[in-house]
1. Given the options B:19, B:106, B:295, state which has the largest fluctuation in a GNM of chain B using a 10 Å cut-off (strictly under) for Cα springs.
2. If you count the DSSP beta bridges with both ends in chain A, what percent of them are antiparallel, to the nearest 5?
3. Stokes-Einstein at 4 °C, 1.567 mPa s, Kirkwood radius from Cα pairs: D for the stretch A:7-237 in µm² s⁻¹?
4. Please list, in chain and number order, the residues 5+ apart from residue B:234 or on another chain whose amide H is under 5 Å from its amide H, with Hs placed from the backbone.
5. Name the shape class, rounded, prolate or oblate, that the alpha-carbon gyration tensor gives for the stretch B:266-372, where a ≥ b ≥ c are the square roots of its eigenvalues, rounded holds for a/c under 1.5, and otherwise prolate holds if a/b is larger than b/c and oblate otherwise.
6. Ranked by Cβ crowding within 10 angstrom, fewest neighbours first, how are A:131, A:372, A:59, A:94 ordered?
7. Kindly work out what percent of the DSSP beta bridges joining two residues of the protein assembly as shown are antiparallel, to the nearest 5.
8. Between the stretch A:87-163 and the stretch B:84-99, how many Å separate their Cα centres?
Amino acid sequence: MEERYAIEMRGICKSFGSVAANKNVNLNVKPGEILALLGENGSGKTTLMNMLSGIYKPDSGSILLNGQEVAINSPEDAKRLGIGMVHQHFKLVDVFSAADNIWLGDDKSGAVLKKDRYNTIGEMAKKFGFDIDPRKKVYNMAVSEKQTLEIVKVLYYGAKIIILDEPTAVLTVQETAKLFDVLRRMKGSGHAIIIITHKLNEVLEISDRVAILRKGEYICTVDTSSTGEQQLTEYMVGRKVELNIDRPVVEKTRPLLEIRDLTIRNDEGAVAIDRVNFYIRGGEILGVAGIAGCGQKELCEAIAGLRPIESGMMIHKGDNIVGLSPKSILEKGISMSFIPEDRLGMGLAPSMSVTDNMLLKKYDQSKGPFVDRKTGRAEAQQVIDELEIVTPSTETPVRRLSGGNVQKVLLGREIKAGPNVIVTAYPVRGLDINSSYAIYDILNKQKKDGVGILFVGEDLDVMIDLCDKIMVLCHGRVMGVVHAHKTSKEELGLMMTGALDLTNKYEDKPAGIARDSRIEESEEVEE
Amino acid sequence: MKNRQPLFHVVKRDHAGPGRQAAAYVAAVVLALLVGAVLLMVQGVEPVTFYKQLLTMGIPGSRYPWRSVENFIKLFVPLLITSMALALAFKMRFWNIGGEGQFIMGAFWAGFAAMKLGGTLPQPLMVVVMALCGALGGGLYGVFVAALKVKWGTNETLLTLMLNYVALYFLQYFAETKTDWNFFLDPDSARPKFAKFPANAQMITIPIGPFNLNLSLVIAAVLCVLLYIYLNYTKRGYEIAVVGDSPNTARYAGMKVGKIVIRTIFLSAALIGLAGAFQVSSAGILSTSVTNDVGWTGVVVAWLAKLNMVGIVVASLLITVLQFGCQTASTTYPSIDANFANLLQGVILFIVLAADFFTRFRLARTRKEAAK
């Protein structure tokens with residue numbers, strides 16, 4: 001007799017216009033099993049899962065639930081059938097409490113907010129072994145708490161099949177471990193789990209089987225126990241890929257950018273960066289690690305001149321840059337590229353063409369009243385060729401490019417300007433392996449050319465391989481600057497949560513202050 | 001498991017080319033006219049002859065065909081300039097729906113100049129002075145809102161909307177207050193009534209045979225070309241596009257966003273004020289219904305044209321033909337009045353929006369085997 005699957009997808013096809021997002025995809029999960037869905041950006045993972053959760057409808061093919069064919073026409077259908085999805089971007093109402101967020105989508109709850117909802121939901125969460133306060137408002141929650149709430153929500157609605165779209169992208173190492181415990185427990189209680197992720201080490205750690213998609217096509221499903229990172233990457237990319245990140249050793253220069261006692265407030269007026277010291281030399285990559293929202297954004301904005309600082313010094317090659325306009329900071333050769341969660345918010349004008357985006361920082365330099373699009377087009381073509389950007393033409397709106405290509409346009413422009421300091425935040429956010437490595441190569445090339453790079457990242461494995469030194473922030477304070485080749489993920493994780501403070505590791509040298517600083521020197525000159 | 005299966009579902013289309021899009025729009029207009037035909041038949045009006053009269057605007061067979069064209073231009077120019085000016089603001093995602101107010105202010109200050117200086121200046125100079133007064137009056141009225149937005153982040157939609165009524169009542173005050181100091185009114189009339197402008201405050205016309213070409217049409221055409229170049233090729237136009245697309249990116253690129261907003265809105269509102277000045281100097285008299293609703297219609301035109309200058313010329317021509325044609329046609333049909341033009345305009349807008357949807361999506365029949 002055939003094995004019973006909790007859910008099975010047979011020959012699923014889905015296209016958007018002439019673009020086929022899914023071609024003849026087969027997928028199945030047993031109850032009590034964790035299936036990892038692996039694929040590069042744009043390989044159709046999310047599209048496929050959206051068809052399970054009722055957001056899209058397949059053009060052809062069938063979906064079987066416990067061996068019976070079903071039609072999922074809407075998210076309500078999916079909910080009724082016991083399919084729950086935890087999206088990458090949480091679908092929560094910020095001003096509601098945890099319990100109300102769950103109550104909101106419950107068909108049986110009726111129109112009245114009953115007083116006992118806190119108890120009902122609190123008890124239910126406890127039953128599954130979750131630790132959440134049902135009265136806590138979502139806007140007061142940390143990212144990991146929000147995610148827990150999303151999981152509790154789908155469980156409360158009675159989901160037997162749970163889909164998680166890149167759940168670890170926003171979590172620290174410790175939080176990821178906790179999430180995996182939860183997943184294993186749910187697996188133990190007979191739930192079928194599908195997890196989408198880019199991170200191979202996590203796939204190997206958590207899943208029972210791995211299904212691989214490449215450019216919308218179903219490649220194969222393999223047992224996790226019988227595979228490895230190298231093989232999975234080959235399935236995913238379609239050819240052999242070198243999985244090592246280079247860390248070239250380069251002659252370092254004197255500090256290019258020095259930050260002293262820097263304090264910055266965030267939009268709400270709270271201290272976002274608290275008396276921070278650090279410096280970047282030419283020819284090195286300084287990583288910045290920290291949980292989301294620990295002041296990285298404010299730091300980047302302050303260096304680029306987009307956010308006023310509270311107090312402290314920012315010295316570039318011995319010159320003060322505090323209070324300069326974004327434009328004059330650009331002219332000094334400091335480039336900042338920040339990839340926000342939506343990937344398009346800062347640094348690019350999404351509806352405008354690649355050419356126009358290339359011109360963004362220099363449109364004013366040409367003579368006369370007109371924008372010099374001829375040069376812009378030539379440069380756009382150059383960047384497209386050099387970084388292998390996939391785009392129909394230089395006149396295509398950036399919005400229509402895929403994530404990796406959008407980020408290449410942004411970085412390409414920044415590098416084209418010939419900066420001496422690059423501040424880059426999350427340059428590989430959401431990118432697949434291939435595009436990520438292309439970006440690491442670009443950064444390493446800049447480093448070899450003597451550029452100082454501040455790399456704000458999320459993936460600790462990558463940072464340990466790529467960066468020369470890593471600065472760890474926790475609630476806006478520096479917890480220490482460590483040499484990347486001497487540290488470990490566990491150490492960084494402890495520092496990120498504030499459990500370990502290495503700022504006073506060396507007694508002879510205060511953390512974040514260079515021995516050959518240019519600051520003292522310039523002060524002497526003034527005297 | 002029993003499941004209800006909808007017959008159709010929406011599927012995305014490939015990006016449609018400009019030819020296909022144009023075809024969709026033409027089809028939409030035709031469809032709207034068909035809807036209009038049904039409405040006409042319900043009222044016992046024969047649609048073919050009505051549309052014939054509407055589209056020819058009563059020109060054939062008229063004893064003064066050129067007079068019709070002149071009147072048509074008087075209706076067309078204010079709408080064209082206003083729509084272009086609104087598109088300028090919309091391109092920056094500044095929702096200026098205060099075209100009415102800015103237009104009234106332009107007309108008012110042009111009228112002010114006409115009544116105060118009317119007898120003293122030669123006609124060309126007088127027209128220039130009126131145009132400048134109108135542009136400045138409208139421009140300052142608009143820039144007030146832009147400055148508040150830049151300074152305190154106020155909502156421009158609400159403010160421009162409310163200032164429309166302020167401007168209207170301001171003008172009405174002068175229209176209805178019969179006192180000695182109110183030089184706007186006709187001193188010979190016992191009831192309050194706007195006075196005619198002196199002859200040298202009338203818009204210049206260029207005689208071509210029996211036809212008098214209104215100078216404002218020439219200026220509007222020139223403005224159209226200039227704005228097209230401004231938006232698409234100059235640095236200032238580039239800035240507008242970036243600020244509209246993402247103000248954060250603009251700031252990041254070192255642009256002074258506040259300055260750009262104020263400059264652009266001044267330009268937009270000043271152009272609308274200019275349209276107001278042209279309107280009153282062509283009419284030769286102020287009126288409380290001076291705007292002919294161009295502040296509203298202009299919003300429709302700008303969006304129908306997707307803020308594209310060429311599209312704006314076409315759309316404002318179409319709307320003016322409808323309005324002017326309905327006016328002339330309604331003289332033969334007592335049951336139809338100019339409101340029918342507004343109705344058709346609304347139907348066209350809706351169907352064009354639907355056509356726009358169908359250039360991007362299509363309905364696909366849900367296949368049986370998938371539905372089983």
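What follows is calculated from the coordinates using simple rules that are stated; it is not laboratory data. Quantities reported herein were computed from a predicted structural model and do not represent experimental measurements. Please note: Cβ atoms are built from the backbone with ideal geometry, for glycine as well, and neighbour counts cover all protein chains shown.
1. Most flexible of the set in this elastic network: B:19.
2. Of those bridges, close to 55 percent are antiparallel.
3. Once the numbers are plugged in, D ends up at 71 µm²/s.
4. When sequence neighbours closer than 5 places are left aside, the close amide H contacts are A:371.
5. Verdict is oblate for the stretch B:266-372.
6. A:131, A:94, A:372, A:59
7. 60
8. So the two Cα centres are separated by 43 Å.
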